[in-house]
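A.B. asks: Before I ask anything, here is the structure I am working with.
What follows is calculated from the coordinates using simple rules that are stated; it is not laboratory data. Small disclaimer: the values here were computed from a predicted structure and weren't measured. Reconstructed Cβ throughout: ideal geometry from the backbone, glycine too, with neighbour counts over all protein chains shown.
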Amino acid sequence: MNTVPLIDTDDTDSGLTATFTAQRSAFLRDGSPTLAERRGDLQKLKGVILAHRDDFVRALDADFGHRAAQETLLYELGVVIASVNYLHRHLARWMPPERRRVAMTFLPGSVRVIYQPLGLRAAMPRSHVCLRPRSCSVRPTRWT
């Protein structure tokens, strides 16, 4: 039976706290990213994943005892790359402000919903939440 060693949470927490602090200050300094920045970040994410695909294959092979490289490439990396491509294609359609109806008492006013990132996310399972890689931390576990 496999036993999972205990994680030293003090080291993990201090490292994550420092990372989150740096990311939050960068987000507050830079503001919401433009469409070009978001698309550029998605392309960088895709490039990093493809550049390290052999590392992913080796890590999952070691993690599962034995796993076919084709299975990892198709079911793990292929899904993420497809998600990045989907986001890249549809991002411009999701970003513009949306007009909403105004109650009669507020006429002649107008209302728009402007979609902006909320800031920082701690755990990202897939690329669709990682639209701005500089403001997200992906920390895979060593014990799955």
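A.B. asks: Hey, S32 hits all of (1) within 23 Å of Y115 (Cα to Cα); (2) in contact with a helix residue (DSSP H, G or I) (Cβ under 6 Å, 6 or more places away or on another chain) but one; which does it fall short on?
C.D. replies: Answer for S32: the failing condition is (2).
A.B. asks: Could I ask something else about it? Out of the residues in the stretch 32-76 that are assigned to a helix (DSSP H, G or I) and among the small types (G, A, S), which is farthest from H90 (Cα to Cα)?
C.D. replies: It comes out as A62.
A.B. asks: So the check is Cβ under 7 Å with 6+ separation or different chains; which pairs have a first residue in the stretch 60-88 that's free of Cβ contacts under 8 Å to residues at least 12 places away in the same chain and a second one that's acidic (D, E)?
C.D. replies: Listed pairs, sorted by first residue: R67/D61.
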